[in-house]
1. When only residues in the range 196-220 that are out of contact with any Ser or Thr (no Cβ under 9 Å at 6 or more places or on another chain) and in contact (Cβ under 8 Å) with a residue 40 or more places away in the chain count, which is surrounded by the fewest Cβ atoms within 10 Å (Cβ to Cβ)?
2. Before we move on, is residue 192 modelled with pLDDT under 95, out of contact with any strand residue (DSSP E or B) (no Cβ under 8 Å at 6 or more places or on another chain) and surrounded by fewer than 15 Cβ atoms within 10 Å (Cβ to Cβ)?
3. Hey, residue 52 hits all of (1) in contact with a His (Cβ under 7 Å, 6 or more places away or on another chain); (2) farther than 21 Å from residue 134 by Cβ; (3) at pLDDT below 95 but one; which does it fall short on?
4. Looking at 240, 170, which one is crowded, with 16+ Cβ neighbours inside 10 Å and within 30 Å of residue 144 (Cβ to Cβ)?
5. Do we have any residue at all in the range 229-240 that's in contact (Cβ under 8 Å) with a residue 12 or more places away in the chain and more than 27 Å from the chain's Cα centre (by Cα)?
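The values are calculated or read from the model by the stated rules, or taken from the named source; none is laboratory data. Here the structure is a predicted model, which means the values were calculated and not measured. Using ideal geometry, Cβ is built from the backbone for each residue, glycine included, and neighbour counts are taken over all protein chains shown.
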Amino acid sequence: MKPAEKLVAADRSDFMTNTPSAVARRTFAHVVWIGDYVYQAGYRQSRSSFESYLIMVVLHGGLDVWCDDGTADGCHARAGAGQFVVLDCRPPHSYGTDEETELLWVHCDGPMVKGYVDLIVGAGHPRMTPVVELRDPTYAIARLRALVDSFISGPRLSEARVGRLLVDVLTECADARLSEIRDDSSRAVAAAQDAVDYIASHLDADLRVEDLAERAFMSKSQFTAAFRKVTGLSPHAYVLEARMRTASYLLTRTDRPIGHIMRACGYADASVFGAAFRKRMGQSPREYRKATRQNL
């Protein structure tokens, strides 16, 4: 079938609708709508909701995608040649291009599809976008091409084999996304550990969470989450704990003046230092030094 949409090159585009059997709806991943489109510059599709999941792969050109990810600004990402787009079409979403773009696409549904899509689009992971980059997309593109060809030019595959091809594509995307999550996790752990080392050697500095996050090339919220995962404390709580631990050690083990210890632990005001120390240790710095030295 030839599309009638504006800014879709009808002479180079085809699509097909599908009505799966009751068995397929209960059992397999199944196709609802499928095609091979060439979009012209300026194409835009916007939907408030559509009852399916969408898989696309860009063959050439580029595609901008916007979706509702639960944040105030929503999510925007751009897919280039060889990259996949995976969308839950039930929330509001849109996509379009400013250049000629060819892509394979399939609207699909089925018992297993939701779980795959939830993983791929990063449910519970704020950094994930609908765009998935595979290390080598050749296999996944070939599987999606075989699926498109079976509907457009035939011969039509059985519903079980259609389901297998869909799951093959989703599995490739899910594997790439899991690798991305593991890589992000490793980088986050390394960044948090680096921050711990930096704090230990800069207790006399103004250790703001924003500055620590900037050193790690992360947003404040991402850095805080990674830091808490590694240390069990927020960055602010960890800095306070490190300063009090260092102050108590210096008060007990050295003869340095309390004012010197205060500045070495990042405090410029004696009353602020004294209040923080008393809250943490139950005594003033002077009382703590006297009591602990008597017990040595």
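1. Selected residue: 206.
2. On the way: modelled with pLDDT under 95: yes; out of contact with any strand residue (DSSP E or B) (no Cβ under 8 Å at 6 or more places or on another chain): yes; surrounded by fewer than 15 Cβ atoms within 10 Å (Cβ to Cβ): no.
For residue 192, the condition - modelled with pLDDT under 95, out of contact with any strand residue (DSSP E or B) (no Cβ under 8 Å at 6 or more places or on another chain) and surrounded by fewer than 15 Cβ atoms within 10 Å (Cβ to Cβ) - is not met.
3. Just one mismatch for residue 52, condition (3).
4. Details: 240 fails: within 30 Å of residue 144 (Cβ to Cβ).
After applying the criteria, what remains is 170.
5. Checked against the condition, which is being in contact (Cβ under 8 Å) with a residue 12 or more places away in the chain and more than 27 Å from the chain's Cα centre (by Cα), the range 229-240 yields at least one hit.
Quick grid of which residues meet (1) within 20 Å of residue 148 (Cα to Cα); (2) surrounded by 18 or more Cβ atoms within 10 Å (Cβ to Cβ); (3) assigned by TED's automatic domain parsing to the domain that holds residue 110; (4) within 22 Å of the chain's Cα centre (by Cα):
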site: 31; (1), (2), (3), (4): yes, yes, yes, no
site: 35; (1), (2), (3), (4): yes, yes, yes, no
site: 39; (1), (2), (3), (4): yes, yes, yes, no
site: 47; (1), (2), (3), (4): no, no, yes, no
site: 50; (1), (2), (3), (4): no, yes, yes, no
site: 56; (1), (2), (3), (4): yes, yes, yes, yes
site: 64; (1), (2), (3), (4): no, no, yes, yes
